[in-house]
Amino acid sequence: MSFYDEIIKYSVSGFEKTGNTLVLNGTHKHVLKNAQDNFFGSRRPDFKFHRWAGSLKSSQALAFNIFSGVDHAEFEYDMWALDKFSNHKACVDVAIDENEIVKMYEVKMFEIVNSRGKNKIFNKPDNQKYFNLENYKWNKEIAISFISFIKDVQIQFLDKPIYGEGIKQLCCHLLGIINEMTIKDGKLLGKKVELYSLCFDYPFSKQFEMDLKNYQETLFKFSLIVDDFLAQIKMDKQIKYYGFLSLEKYINENITLIGSKNFNYVKNRYLFEKC
């Protein structure tokens, strides 16, 4: 069985353990016919679905299934990033405002296995806009420092076998957070932010264990660069990136917050014994 097939088997088995009927779209072995069936909780998703929201591997669904029982959780929390086009906003999966500290969670599931080949972060033609000072429409004061920061990220991870798209995404989240903390009417004015990379981490296969370890190490190295950058722009007291956060550890330590129904659903679907 290929690693890809192992992932599909694990994802399907987990969904079936919830007691729901598996009705696929007829094209893919892991995509539900009705994407809504992928999302658990008494509240229904009120945000735009990702293209693969119906996939049993969907991290968007995982994020919702963890936090849908938290009344004040905001999903697809958008922030102004580079320019003023609303479809270019940075969107973090979940944000929870807790007494002036906004805890943000970028949730990852099986994306982290995309650590093959040699990644070149911010190397695509569309990414070159991040290196042009004129494109920073919201906070030009941090533009030079941010460009230096993403260059440092590029150098650190050049040609390394990592999940580079995840690191790029985190960089954009940081830009969005800084903007919303500093621009007029920013949604994060006067607040502090804690950013976490909340990752599915059940070692259902040896290959996944290796990919997970790779991503953990990558996030740790990235966090050191983030710390230096935030200190340089004097925002290290307002923003903290905490790096990798274990899904299993998080739900076990936060049953009261997420609720017993969500805890049991997530545990039964995503954290069951090896196939």
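Just so you know, all these numbers are worked out from the coordinates, no wet-lab data involved. Here the structure is a predicted model, which means the values were calculated and not measured. Here the Cβ is made from the backbone with ideal geometry for all residues, glycine too, and neighbour counts use every protein chain on show.
Kindly provide the Kirkwood hydrodynamic radius of the chain in Å, to one decimal, from all pairs of distinct alpha carbon atoms. Final number for the Kirkwood radius of the chain is 19.5 Å. When the Cα gyration tensor is reduced to axis lengths a ≥ b ≥ c, the ratio a/c is 1.5 or higher for region 69-183, and with a/b not above b/c it is classed as oblate.
Here the Debye sum runs over all C-alpha atoms of region 130-207 as equal scatterers in vacuum, and log10 of I(q)/I(0) at q = 0.11, 0.17 Å⁻¹ comes out as -0.40, -0.81. Calculated [222 nm] ellipticity per residue, helices only, for the chain: -12500 deg cm²/dmol; basis is -39500 (n - 2.57) per DSSP H run with n ≥ 4, divided by all residues, nearest 500. Going from the fewest other Cβ atoms within 10 Å to the most, the residues His72, His173 appear in the order His72, His173.
In degrees from 0 to 90, rounded to the nearest 10, what is the angle of the helix 164-182 Cα long axis to the longest principal axis of the chain? For helix 164-182, the angle is close to 60 degrees.
Close amide H contacts of Asn119 (hydrogens built in the peptide plane, cut-off under 5 Å, sequence separation of 5 or more or a different chain): Asp159, Lys160, Ile162. Among the listed pairs Lys48/Lys240; Lys17/Lys168; Lys29/Lys84, a Cα-Cα separation exceeding 31 Å is found for Lys17/Lys168; Lys29/Lys84. Residues Ser68, Ser246, Ser260, arranged from fewest to most other Cβ atoms within 10 angstrom of their Cβ, appear as Ser260, Ser246, Ser68. Beta-bridge orientation, region 57-259: approximately 45 percent antiparallel, per DSSP, counting only bridges with both partners inside. Taking θ as phi - 60° and the Karplus parameters 6.51, -1.76 and 1.60, the scalar couplings of region 191-208 work out to 10, 10, 10, 10, 10, 10, 9, 8, 10, 4, 9, 7, x, 6, 8, 5, 5, 5 Hz in sequence order, x denoting glycine and proline. To the nearest ten degrees, helix 3-16 and the longest principal axis of the Cα atoms of the chain are 70 degrees apart.
With the simple spin-label model, which puts each label point 7 Å out from Cα in the Cβ direction, the Thr21 to Glu248 separation comes to 3.4 nm. Net charge of the neighbourhood of Ser197, taken over other residues with C-beta under 15 Å away and scored Lys/Arg +1, Asp/Glu -1, is -3. As a proxy for reagent exposure, ranking Asp71, Asp227 by other Cβ atoms within 10 Å from fewest up yields Asp71, Asp227.
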